[in-house]
1. Can you tell me how much longer the chain between T116 and T193 gets when fully stretched, taken as 0.36 nm per residue apart minus their C-alpha distance, in nm with one decimal?
2. What ranking of W158, W261, W67 emerges when the number of other C-beta atoms within 10 Å of each C-beta is taken as an exposure proxy, fewest first?
3. When averaged across all projection directions, what area in nm² does the alpha-carbon convex hull of segment 109-212 cover?
4. Between beta-carbons, use under 10 Å as the cut-off and find the net charge around K206, counting Lys and Arg +1, Asp and Glu -1.
5. From the backbone phi of segment 207-216, what are the Karplus-calculated ³J(HN,Hα) couplings (6.51 cos²θ - 1.76 cosθ + 1.60, θ = phi - 60°) in whole Hz, Gly and Pro given as x?
6. Quick one: of the DSSP bridges fully inside segment 131-249, what percent are antiparallel, nearest 5?
7. Would you mind ranking S64, S80 by Cβ crowding within 10 Å, fewest neighbours first?
8. Once all Cα-Cα distances of segment 182-237 are split into 5 Å bins that start at 0, what whole-number percent is in each one?
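Nothing in this text is a laboratory measurement; each read-out follows from the coordinates by a stated rule. All values derive from a computational prediction rather than experimental measurement. Neighbour counts are summed over all protein chains in view; Cβ atoms, including those assigned to glycine, are modelled from backbone coordinates with ideal geometry.
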Amino acid sequence: MPGLPFRSRRGRAAGAVPDEETRAHVAGAASAAAAEVEPVPAVVADRTAAAFFDVDNTMMMGASLFWFARGLASRKFLTSRDLKRFVWQQAKFRIAGNESAGDMLTIRESALAFVTGREVAEIVQAGEEIYDELMADRIWSGTRNLAQQHLDAGQRVWLVTATPVELARIIAHRLGLTGALGTVSEVVDGCYTGRLVGELMHGEAKAEAVRALAEREGLDLSRCTAYSDSANDLPMLTLTGTAVAVNPDTELRAVARSRGWTIRDFRTGRKAARIGVPTVAAAALTGGVVGGAVARRRRNAWPF
C-alpha cells in the first residue's frame, strides 16, 4: 500500500518521525484494508459477532514464519546460514521477552530480507507449497474445531498474526476461514520493496487491526472473541468481549486465571510441560537448524 501516510490519532505534524503508537496504528489500518472477506457462511449470519485467532502456537504448532523460512531455504530463496541467523535472532527475542525498538527493527529487517525484490506471485506460489509440506499437519485440531464452532454459528473468523499477510491468507483459506490480518509489506510493480506498511503485526498493532476491521465490517467488539497463546496479545484479547487463552504461556495463563478467562490447552505430555517456551525457539529445535549453540543455551536458560 505505497504512499500510506503516517498519521496518528493525535494529529502528528507532517514529516515527524512516527512513534510506536503511530506505526501500530498504520500497521493495523493497512492490514484491515488488505483483509479479503469471504462470503457469509451458508447458515443464519451473525453479522456483528466474529472471532480472531492468533496463529503461532494457537492455531499452529510452532511458528509459521519459521516453517515458511525453512521452506524458502529448501527452495534456495535464502541460505542455511541466513535461516540460522534469523531463527537465532527470533529465539533470542522471544526468550528475553525484550520488545525494544532495536530488537523489533532487527526482526523486521530479517523477515523482509526473505522477500525483498521477489515477485509477490512467486512468494504466494511458494507459500501454497510450503503450507502443504510443513504446516498442514501442524494445525491444532482443537483450535481448528473452536474456529469451526464460530463459523457454524454464522460468525466470521479471521487469523491475526505477525506472519506476512500473503501467507496468513493461505492458511486462512486452507482452513476455510473468512480471512486474515497480517504484516503488510510494500509492493511496487508486483515486487516487494523490503519496506513495511506500518509495523510488524505484533502487540498493539494487532489490536489496531482488529479495531479497524470491526469498524469497516460493522462488528460489535463486545460480542467478539479473541484467542491467543501469548501475553504479547493482551491488547487484542482485552479488546473483545470474550478472551480465550489457548496453549498459554506462563504470563498469559496467570492473567487468564486472574480474570476468569477460559483456558484451552491442547498440548499433551512433554508439550504441555513446556508452558512459556518461545514458539520460534521450539520450532528451531524441532527443525534442527541451530545446533549445538542453541542446545547449550537451552541447558543454561530455557524453562524445560
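1. Numbers: separation 77, 0.36 × 77 = 27.72 nm, distance 0.55 nm.
Stretched fully, the T116-T193 segment lengthens by 27.2 nm.
2. Working: W158 27, W261 18, W67 24.
Result, fewest neighbours first: W261, W67, W158.
3. Details: hull surface 28.9 nm².
Convex hull of Cα atoms, orientation-averaged projection: 7.2 nm².
4. Numbers: positive: R211; negative: D54, E204, E208, D233.
Neighbour charge sum, excluding K206 itself: -3.
5. 4, 4, 5, 5, 4, 5, 5, 4, 5, 5
6. Working: 3 of 11 bridges.
Around 25 percent antiparallel, to the nearest 5.
7. Numbers: S64 32, S80 11.
Result, fewest neighbours first: S80, S64.
8. 4, 17, 21, 20, 16, 11, 7, 2, 0
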